[in-house]
1. Taking the range 272-298, which residues are surrounded by fewer than 21 Cβ atoms within 10 Å (Cβ to Cβ) and under 28 Å from Gln205 (Cβ atoms)?
2. Starting from the range 543-557, take each residue that is in the same structural domain as Leu369 (by TED's automatic domain parsing) and within 16 Å of Leu389 (Cα to Cα) and list its partners that are assigned to a helix (DSSP H, G or I) and of a type outside the set (A, V, I, L, M), counting only C-beta distances under 6 angstrom and pairs at least six apart or across chains.
3. For the range 208-231, what are the residues that are closer than 16 Å to Ser145 by Cα and over 28 Å from the mean Cα position of the chain (by Cα)?
4. Can you pull out the residues in the range 184-216 that are touching a Ser or Thr at 6+ places or on another chain (Cβ under 7 Å) and part of a loop (DSSP other than H, G, I, E, B)?
5. Only one residue in Ser286, Ser239 is farther than 30 Å from Tyr65 by Cα and in contact with a Pro (Cβ under 7 Å, 6 or more places away or on another chain). Which one?
6. Since Thr33 meets every condition but one in (1) farther than 21 Å from Asn185 by Cα; (2) at pLDDT 95 or above; (3) among the hydroxyl-bearing types (Ser, Thr, Tyr), which condition does it not meet?
7. Provide a single number: the residues in the range 102-122 that are buried (at least 22 other Cβ atoms within 10 Å of the Cβ) and in a helix (DSSP H, G or I).
8. Tell me, which helices (runs of 4 or more DSSP H) lie completely within the range 288-402 with 1 or more residues that are over 29 Å from Ala476 (Cα atoms)?
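The values are calculated or read from the model by the stated rules, or taken from the named source; none is laboratory data. Fair warning: this is a prediction, and the values are worked out from it, not measured in the lab. As a convention, Cβ positions derive from the backbone with ideal geometry for all residues, glycine included, and neighbour counts pool all protein chains shown.
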Amino acid sequence: MNIVGLSAFYHESSCCLLRDGKLLHAASEERFTRVKHDPRLPAEAFRWCLEAAGLGITDLDAIAYYESPRDKLSRQLWAGWRRGHSTDTGWLDPTTPERAVRERLGFDGKFLSFPHHLSHAASAFYFSGFPEAAVLTVDGVGEWSTMTYGTGLGHQLEIFEEVAFPHSLGLLYSTLTAFLGFKVNDGEYKVMGLAPYGKPRFVDQICTLVAMGQGGQIRLNLEYFDFVAGPLMFRPAMSDLFGTPPRRPGSKLEPIHHDLARSLQLVVEEILLEKATYLQQQSGASKLCMAGGVALNCVANGRLRREGPFDDLFIQPAAGDSGGCLGAAALAHLDLTGARIDDQPQRHALLGPAYPPTNIAGLIAATGLPAENYRNREPELLANTAQRLADGEIVGWFHGAMEHGPRALGARSILADPRTAEQRERLNRLIKKRENFRPFAPSVLASQAREHFELEQASPFMLETCQVVSDLDLPAVTHVDRSARPQTVDPETHPRYAALLAAFQALTGCPVLLNTSFNVAGEPIVCSPIDALFTFARAGLDALVLEDYLLTRDMLPDNWPQLLRNWDRAATDPFATDSFAADRRAISEALYTFV
């Protein structure tokens, strides 16, 4: 049985393919179109999933959609029109997702849709491998739900309580993200990274914004929020509450901004801890599954692991809307077969496109770029790369199937030596072109993780923070509060990446590398080899490992960017242009994207 799951028309549109209950492929549309957070129908991702599985569209038994369009429309109509909306009323048609699947993808088979938060819950529980668990989903908003509490037992998944819009922990965080001058739906992780620089002196004011309710409930004080129908996320009363105006995007960050971020982060952590305790009491479960955008708050996740009432925790690595397609597909499999999908835990996120050696060789030949070929000489490639990293070079690393979800996990990564602070500064300033307060994450051999990080369990998806306890000085991956967000690397799931870490350790005595996503600011993580070459050109990397090939900046001809122009999507695709991206930014920078 072949089932495609889709999430679309909001942000992070994605597609996945289940075959006989096993997850074969998953990818986000942005990786193909190069439009960050692309909300459009994931036609490219859909096409790739079918091609990768060797399927035609008639081989599909069903397409599953990750939310209920009619219920979503009811909430949108309740919220009313917002200034800046297009006069096009096409979005008022709840049949749009199914019609798009029929007309644009050409599918005339069974189309199923499931509630947004049920899809989130399924993406966590059914991929956890747990036979029984409590399930918590938290995000901005789905149709009406913003937070749900549920239980999973065998193939059964039940949601027994929800928090309803407009009361939302995710929207609280997004509103303060906007107040702090960052983009909503994108800059929340910046607030989390900024928080350790501040003091929690605004906790009382944050608690004025959000109150605990009975059971699993929370309530926002709507006197301070304007996201329901206004032009901004917040009202002027919020400035009065904090004694400061909203920060202008791009302006200098002052101590008060650090303190607001710290206070917000602390309050959200405390709420999640209290509601997790409530969920455990109601469910009696010893394990917790989580999904939804707020489940990507790795600092809160670390506290839930250490201080929460559960013995074990699984967070869907694609916890945001990109993972909704997984849950929808799993629910469709249950509907059609009466059985749960494969009950093995999801051990990796390497579910996207991979490119065979012949593809890479053809690209190198076509561009005429000089490259060292290490085919069938992997130990030499790893030794050369490890030496370059030890010598202070920053290396683009492209190998195997692309990751699904927001984290680069050793397939599409930029790597550096974690032992010098200069590497962090160079990466932030010159290569990633981002704020200097932003931390970088470490990858560490799983067998040695406990020697360097306060971890009691594997952390393959970079979804929890912990304290750095290493005898080594690791300033490039240690945040200001001595925390880090480690990825533990297992040779069984990431053999070449683990071998590189081992080679670096053999050379330096350090089994840790700085690992950040292979992209520059404003762009999605690279997908294809040509994406990697373009980013290599733009980002100022010292070297690029492209599967079995090594390219170094000093060996490239002066005109090498021009050699790539034949593969530049922006030259031929109107949807990859800066104007399209600018139009989307104009809508989304100030507001949470509800429509």
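1. Those that are surrounded by fewer than 21 Cβ atoms within 10 Å (Cβ to Cβ) and under 28 Å from Gln205 (Cβ atoms): Leu273, Glu274, Thr277, Tyr278.
2. These pairs meet every condition: Ala543/Arg388; Leu544/Phe536; Val545/Thr385; Leu546/Pro529.
3. Across the range 208-231, the qualifying residues are Gly213, Gly215.
4. Val184, Asn185, Gly187, Pro200, Arg201, Phe202, listed by residue number.
5. Details: Ser286 fails: in contact with a Pro (Cβ under 7 Å, 6 or more places away or on another chain).
So the residue among Ser286, Ser239 that is farther than 30 Å from Tyr65 by Cα and in contact with a Pro (Cβ under 7 Å, 6 or more places away or on another chain) is Ser239.
6. Here Thr33 meets the rest and fails (1).
7. 7
8. Filter on the range 288-402 gives 324-337, 357-367.
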